[in-house]
Amino acid sequence: METNKKKIVNDPIYGFVSIPDELHFDIIEHPYFQRLRRIKQVSLTNLVYPSANHTRFAHSIGAMHLMRRAVQLLRGKGYEITDAELEAASLAILLHDSGHGPFSHTLENSIVEGITHEDLSLLLMRRFNEMHDGQLDLAIKIFTGNYEKGFLSKLISSQLDVDRIDYLKRDSFFTGVAEGNVNAERLLDMMEVVGNELAIEAKGIYSVESFLVSRRIMYWQVYMHKTVLSAEYMLREILKRAKLVSRQRELPATPALNYFLRHEGAFTEADDMEKTLEAFARLDDFDVMTAVKLWCDDLDFVLSELCRRLINRHLFRIEISQEPFDPNYVDDILHAIAKQYNLSLYDASFMLLQGISSNHAYHPGKSAINILYKDGTVKDISVASDQLNISVLSQPVIKHFICYPKELKISKK
């Protein structure tokens, strides 16, 4: 009996989204891609915004829909994009996040050290290409930026691509942060191609400005919300501590997670990448949270304490500063933790989390967002915009933060 592969997905953002052909369908149905259903798009953000439980799977389907819509609109303006190029760009964006591990960016380089999610996405794309007798050759060229029509690659990865448009719309919808919503149809409809690069018609400049403002708002109100930062850094520290403990004795964990817990250091070409990729393809949020629940009762105090706090949302206090924290103040907190919980300074360091959060809403030094005028001239958005806020958005915002148990009584110096 043949399977009906002409499927339609009902997406809350765009309505009905069609799976275009059998190749897309077979890839979506494969366990490598189905794994993305079990990876949250915005990690632990649901600890602040309870409805933010959407997945990388839904985002990938949405980004594919926007890619096909963008190509359709560009074709309507007379740009030559063949059916083969459309399908390749569609497959490339469909698989662009296939290499994300549990909790997306939060645990990147924590579980699989030394390999980025982009590298893993490419490995999985090549694996799919082998399964389908080279049908993804062109998709891989577009994904890696090695295809002659560079604007197709820019639709996948640039400062105004379908990836960013979808995740802003989707994350805004599921968090309820209305200020993050962007007008996807208007942005796509204003796209042009100039010298093999994407550009936006001058009359669409205000939509671009709105897009950049929305991105800045979402970064500080959602992705880098102080409570989210505290939770995500606690999870990173849990994995770091678990790796340390697992070198001394076996910790309860799924086989896939255990494979990475017991691996020493970063992965290199000397490792069995075939075995590593198979273990990674079985790894998702459920592996990590199952382990965190089990480790709540572990004999290691630091590991169990961190896990209990995360599971029960008893998160660390977070302090944020525009300037680096005074080392003496940090040292006072470390000693206070060691004293209160009867720990060595080394063990106490796992309960004192430090980091830097930074964001460029628009980075003038990277692939520019070009504005195309009727006379054919092209200007960078940071130059073309008459809004002061675009020049402000082009500047990086850097914040230093420190997290520690709320029970500590620390007098800031």
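Only one residue in ARG309, ARG313 is modelled with pLDDT of 95 or more and either assigned to a helix (DSSP H, G or I) or crowded, with 18+ Cβ neighbours inside 10 Å (or both). Which one? Matching residue, one of ARG309, ARG313: ARG309.
If we keep just the residues of the stretch 351-362 that are in a loop (DSSP other than H, G, I, E, B) and out of contact with any Pro (no Cβ under 8 Å at 6 or more places or on another chain), which is nearest to ARG236 (Cα to Cα)? This residue is LEU352. Is it true that some residue in the stretch 219-227 is basic (Lys, Arg) and in contact with a strand residue (DSSP E or B) (Cβ under 8 Å, 6 or more places away or on another chain)? Looking through the stretch 219-227, at least one residue is basic (Lys, Arg) and in contact with a strand residue (DSSP E or B) (Cβ under 8 Å, 6 or more places away or on another chain).
Every residue, every condition in (1) touching a residue at least 24 places away in the same chain (Cβ under 8 Å); (2) part of a helix (DSSP H, G or I); (3) of a type in the set (Asp, Glu), yes or no:
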position	(1), (2), (3)
VAL213	yes, yes, no
ILE217	yes, yes, no
GLN248	no, no, no
PHE267	yes, no, no
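When SER246, SER230 are screened for being under 30 Å from ASP297 (Cβ atoms), small (Gly, Ala, Ser), over 17 Å from the mean Cα position of the chain (by Cα) and buried (at least 20 other Cβ atoms within 10 Å of the Cβ), only SER230 passes. Going through the stretch 157-194 one residue at a time, which ones are touching a residue at least 40 places away in the same chain (Cβ under 8 Å), outside any helix (DSSP H, G or I) and within 14 Å of PRO12 (Cα to Cα)? Passing the criteria: only GLY176. All told, LEU244 falls short of being within 29 Å of ALA52 (Cβ to Cβ), of a type in the set (A, V, I, L, M) and either part of a helix (DSSP H, G or I) or out of contact with any His (no Cβ under 7 Å at 6 or more places or on another chain) (or both).
Pairing residues of the stretch 326-343 that are within 24 Å of ASP300 (Cβ to Cβ) with residues that are among the β-branched types (Val, Ile, Thr) and at pLDDT below 95, at Cβ distances under 6 Å and at least 6 apart in sequence or on separate chains, gives ILE333/ILE410.
The requirement of being touching a residue at least 60 places away in the same chain (Cβ under 8 Å) and closer than 18 Å to PHE57 by Cβ is not satisfied by HIS117. Return a yes/no flag: does the stretch 156-176 have any residue that is over 21 Å from SER60 (Cβ atoms) and surrounded by fewer than 19 Cβ atoms within 10 Å (Cβ to Cβ). Yes, because at least one residue in the stretch 156-176 is over 21 Å from SER60 (Cβ atoms) and surrounded by fewer than 19 Cβ atoms within 10 Å (Cβ to Cβ). I need the full set of residues from the stretch 250-265 which are surrounded by 10 or more Cβ atoms within 10 Å (Cβ to Cβ) and assigned to a loop (DSSP other than H, G, I, E, B), in order please. Answer for the stretch 250-265, where residues must be surrounded by 10 or more Cβ atoms within 10 Å (Cβ to Cβ) and assigned to a loop (DSSP other than H, G, I, E, B): GLU250, LEU251, PRO252, ALA253, THR254, ARG262, HIS263. Pairing residues of the stretch 66-94 that are within 13 Å of LEU23 (Cα to Cα) with residues that are among the aromatic types (Phe, Trp, Tyr) and part of a helix (DSSP H, G or I), at Cβ distances under 7 Å and at least 6 apart in sequence or on separate chains, gives ALA92/PHE143.
For the stretch 136-144, check the following and say yes or no: at least one residue is out of contact with any helix residue (DSSP H, G or I) (no Cβ under 9 Å at 6 or more places or on another chain), of a type in the set (D, E, K, R) and outside any loop (DSSP other than H, G, I, E, B). No - not one qualifying residue is present in the stretch 136-144.
The values are calculated or read from the model by the stated rules, or taken from the named source; none is laboratory data. Please read these numbers as outputs of a predicted model, since none were measured by experiment. We place every Cβ from the backbone using ideal geometry, glycine too, and count neighbours over all the protein chains shown.
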